[in-house]
Amino acid sequence: MSKVPGLFLACCIIPLLAAWLVLRSGWQPDTTTNQGRFLSQEIILGVPEQAHKAWFIALNQPRDCNQACLGQSELMDQLVVALGKHRQQVGLLLLGEGQSEVASVIPEAPVLSPGAFYLVDKRGLVVLEYLPQQDQTANRVLLKGLLKDLKKLLSYERSSSGGSQ
């Protein structure tokens, strides 16, 4: 009988000790599966209240946006088509001053990079950043990565909510 409490304690303490050692050693995976870059600080945007939207794709287009930055607006129009069946779950946002037929316009966030696309959750938290590239072909590849990340997030959300959407 005296072995049981000792065995129970060992089963509890050994995994905790192993987790603590891994965290203390600074071990991090070398690669991630996402295409975008995680932001180093927490940024919350005032997204419009849309209960059926799970995620938002935001384009930062401030007043002093250059020509390459303005070219990103064309890609925003192409995103509407590329979203396909996911269009109902994803909202489009234009940050800054501008007009868009496909996106809601909200005030710009000065800490965000001009011309960059962002994945934003339904509470307004900016999660991933996709910086603009000089070449339009590279920008299209970047948007394919954004769509790939978005589809993973939508799939995860559907599976975590038990499929009730």
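Against the numbered list (1) part of a helix (DSSP H, G or I); (2) at pLDDT 85 or above, Leu23 comes up short only at (2). The numbered conditions (1) in contact with a helix residue (DSSP H, G or I) (Cβ under 6 Å, 6 or more places away or on another chain); (2) open to solvent by 30 Å² or more (accessible area, probe 1.4 Å); (3) among the hydrophobic types (A, V, I, L, M, F, W, C) are all true for Val90 except (2). Filtered by the rule that a residue be of a type in the set (S, T, N, Q) and in contact with a Cys (Cβ under 9 Å, 6 or more places away or on another chain), the range 52-72 gives Asn60, Gln61, Gln72. Scanning the range 111-137 for residues that are open to solvent by less than 50 Å² (accessible area, probe 1.4 Å), out of contact with any Gly (no Cβ under 7 Å at 6 or more places or on another chain) and in a strand (DSSP E or B) gives Phe117, Tyr118, Val120, Asp121, Val126, Val127.
Among the candidates Gly91, Gly84, Gly71, which residue alone is outside any loop (DSSP other than H, G, I, E, B), at positive phi and among the small types (Gly, Ala, Ser)?
So the residue among Gly91, Gly84, Gly71 that is outside any loop (DSSP other than H, G, I, E, B), at positive phi and among the small types (Gly, Ala, Ser) is Gly84.
Total residues in the range 88-112 satisfying the condition of being within 19 Å of Glu49 (Cβ to Cβ) and of a type outside the set (S, T, N, Q): the figure is 12.
The values are calculated or read from the model by the stated rules, or taken from the named source; none is laboratory data. If you're wondering where the values come from, they're calculated on a predicted model, not measured in any experiment. Ideal geometry is used to build each Cβ from the backbone, glycine not excepted, and the neighbour counts take in all protein chains shown. We work out accessible area using only protein heavy atoms, side chains counted, and drop any ligands, DNA or RNA first. Shrake-Rupley method; radii C 1.70, N 1.55, O 1.52, S 1.80 Å.
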